[in-house]
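Shown next, in structure tokens, is the structure this report addresses.
The values are calculated or read from the model by the stated rules, or taken from the named source; none is laboratory data. Since we're looking at a predicted model, the values are computed, not measured. Note that we place each Cβ from the backbone using ideal geometry, even for glycine, and neighbour counts take in every protein chain shown. What goes into the accessible areas is simple: the full protein's heavy atoms, side chains included, and nothing from ligands, DNA or RNA. Shrake-Rupley method; radii C 1.70, N 1.55, O 1.52, S 1.80 Å.
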Amino acid sequence: MPMLPNLMPELDQLLSALFLVALLLYLIPAVFGLGSSTKGRQWFQRGAILTLGTAIAIAVVASVIWFTR
């Protein structure tokens with residue numbers, strides 16, 4: 001079986017960055033006073049949920065790859 005490069009450190013940094021982006025998307029409406037506009041808040045929340053979903057999907061795929069090695 002050919003040796004695959006170890007991408008786990010890069011994935012760890014990517015997941016940390018995605019979780020930070022999701023946190024910022026949740027906090028931006030509260031910090032900058034966008035709470036009065038529910039439409040704007042909904043878009044930030046949808047972006048945060050999409051970011052978290054992407055991070056979780058990447059983590060699941062990375063875990064499956066790691067377990068199959």
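Worth pointing out:
- Helical mean residue ellipticity (222 nm; -39500 (n - 2.57) per DSSP H run of 4+; nearest 500) of the chain: -28500 deg cm²/dmol
- Applying 1/(1 + (r/R0)^6) with r as the Cβ-Cβ distance of residue 42 and residue 6 and R0 = 35 angstrom yields a FRET efficiency of 0.30.
- Shape parameters for the chain, alpha-carbon atoms, Rg then Dmax in Å: 16.3, 57
- Between 0 and 90 degrees, the angle of helix 8-31 with respect to the longest Cα principal axis of the chain falls at about 10 degrees.
- Accessible surface of the chain, 1.4 Å probe, proportion on carbon and sulfur as whole %: 74 percent
- Surface analysis of region 13-66 yields an accessible area of 71 Å² per residue, using protein heavy atoms and a 1.4 Å probe.
- Added length on full extension, which subtracts the Cα-Cα distance from 0.36 nm per residue, residue 62 to residue 31: 7.8 nm
- Degrees separating the helix 38-68 axis from the principal Cα axis of the chain, which is the longest one: 10 degrees
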